[in-house]
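The values are calculated or read from the model by the stated rules, or taken from the named source; none is laboratory data. Keep in mind the model is a prediction, meaning the values are calculated, not measured. So basically every Cβ, Gly included, is an ideal-geometry build from the backbone, and we count neighbours across all protein chains shown. We work out accessible area using only protein heavy atoms, side chains counted, and drop any ligands, DNA or RNA first. Shrake-Rupley method; radii C 1.70, N 1.55, O 1.52, S 1.80 Å.
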Amino acid sequence: VNVEEIQERVNEFMNRSALDWECAGLTAVRPGVIVEELVLTSDETGKVRIDEYKFYTAWGRVVFGESVPSSSGAAMEISREGAVVVRKVGCPPVCVAPCYGEMVEIAE
């Protein structure tokens, strides 16, 4: 897959909308695109894992982020500003990344 193919597929769905009978929130919103960057890490046994941050957005603004370290399930939910809202794992070993603010900017 190359950039041109991706853009072609995005162009195909960008004019789609919800059905007329759906609520105004669905009919007014435009489709979105998920952009991912692969970040590999390894666990204590040396097995390769993927560290993941998911950002939930509304109208182009991050509402909150979610840390999913080493492919192990959500560890914490983080506000747009970087404050931990829900913690499922202690810090350390799982802490908010120093570049969290930069990731928010990229997501927006």
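Matching residues to (1) on the phi > 0 side of the Ramachandran plot; (2) open to solvent by 90 Å² or more (accessible area, probe 1.4 Å); (3) out of contact with any Asp or Glu (no Cβ under 7 Å at 6 or more places or on another chain):
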residue: ARG30; (1), (2), (3): no, yes, yes
residue: LYS54; (1), (2), (3): no, no, no
residue: PRO92; (1), (2), (3): no, yes, yes
residue: VAL96; (1), (2), (3): no, no, yes
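For the stretch 1-85, please list each of the strands (runs of 3 or more DSSP E) lying entirely inside it that holds at least 1 residues being of a type in the set (Asp, Glu).
Answer list for the stretch 1-85: 52-58, 61-68, 76-79.
Looking at the structure I just gave you, is GLU66 under 16 Å from the mean Cα position of the chain (by Cα), surrounded by 10 or more Cβ atoms within 10 Å (Cβ to Cβ) and not aliphatic (A, V, I, L, M)?
yes
Does the stretch 32-52 hold any residues that are basic (Lys, Arg) and loosely packed, with under 13 Cβ neighbours inside 10 Å, and which are they?
LYS47
Scan the stretch 2-61 for residues that are under 20 Å from the mean Cα position of the chain (by Cα), modelled with pLDDT of 80 or more and of a type in the set (Ser, Thr, Tyr) and jot them down.
TYR53, TYR56, THR57
With the condition kept exactly as written, say whether any residue in the stretch 70-82 is of a type in the set (A, V, I, L, M, F, W, C), farther than 27 Å from GLN7 by Cβ and more than 17 Å from the chain's Cα centre (by Cα).
Looking for residues that are of a type in the set (A, V, I, L, M, F, W, C), farther than 27 Å from GLN7 by Cβ and more than 17 Å from the chain's Cα centre (by Cα), one finds none in the stretch 70-82, hence no.
Cβ-Cβ under 8 Å, sequence separation 6+ or interchain: first residue in the stretch 19-36 and within 20 Å of GLU108 (Cα to Cα) and of a type in the set (D, E, K, R), partner open to solvent by less than 80 Å² (accessible area, probe 1.4 Å) and modelled with pLDDT of 80 or more. Which pairs?
From residues that are within 20 Å of GLU108 (Cα to Cα) and of a type in the set (D, E, K, R), the pairs are ARG30/MET14.
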